[in-house]
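What follows draws every value from the coordinates through simple rules; no lab data is involved. In this text the structure is predicted, and so the values were computed from the model without any measurement. When we count neighbours, we look across all protein chains shown, and the Cβ atoms used for this are built from the backbone with ideal geometry, even at glycine.
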Amino acid sequence: MEPRLRRVANLLATASIYAETPTLLDRISNALSKEAAVKVIGDCERIVNTGLNRGEIRLQTGENPRIYIDVKEGERTKTYELYGSLSSSEDVTQFIEDVERDIYTARKVGAVAMATVNGVL
């Protein structure tokens, strides 16, 4: 998978873990239109930006980038670690253009995001 699509999958996985819901991944994996995929990406960007602003999602840059996601479970906080980076605005723009040409791109990225989540939970 192209690195930029992998970063979009990381955005989706991060949002799903942080929001504690698989619904976002289900929606993109079953998207039938560009509009549906764009709505999911927008929702994920808002969720991830909230986590970043609260310091509950942290990014490690450099040679081995990582995404750390803190999720409160009662009195405790569990930290999940994803390998790689989040998507840039350019990645998202290109992803949307790809989805306009072939909706199955959204489904493939959704499947990778789902596998990523399943690998860390």
Enter the angle in degrees (range 0 to 90, nearest 10) between the Cα long axis of helix 89-101 and the first principal axis of the Cα atoms of the chain, meaning the one along which they spread out most.
-> 40 degrees
Inter-probe distance in nm under a simple model that places probes 7 Å from Cα toward Cβ, at T21 and E45 = 1.9 nm
Please give the length that would be gained between N30 and E56 if that part of the chain were fully extended, namely 0.36 nm times their separation in residues minus their C-alpha to C-alpha distance (nm, one decimal).
-> 6.5 nm
At 7 Å along the Cα-to-beta-carbon direction for both T77 and R101, put a label point, then send me their distance in nm to one decimal.
-> 4.2 nm
Quick one: net charge around E81, please, counting Lys, Arg +1 and Asp, Glu -1 for every other residue with C-beta under 12 Å from its C-beta.
-> +2
Shape of segment 1-92, Cα gyration tensor, a/c cut at 1.5 | oblate
In whole Hz, with x marking every Gly and Pro, tabulate ³J(HN,Hα) for segment 37-47 from phi via Karplus 6.51 cos²θ - 1.76 cosθ + 1.60, θ = phi - 60°.
-> 5, 5, 4, 5, 4, x, 4, 5, 4, 5, 4
Angle between the Cα long axis of helix 3-19 and the longest principal axis of the chain, 0 to 90 degrees, nearest 10?
-> 50 degrees
On Cα atoms only, tilt of 104-120 relative to the major axis of the chain in degrees = 20 degrees
Straight-line reach from K34: which lysines have Cα under 26 Å away, leaving out those fewer than 8 places along the same chain?
-> K108
Taking the chain and dividing mean pair separation by its residue count, relative contact order in percent (alpha carbons under 8 Å, at least six apart) = 37 percent
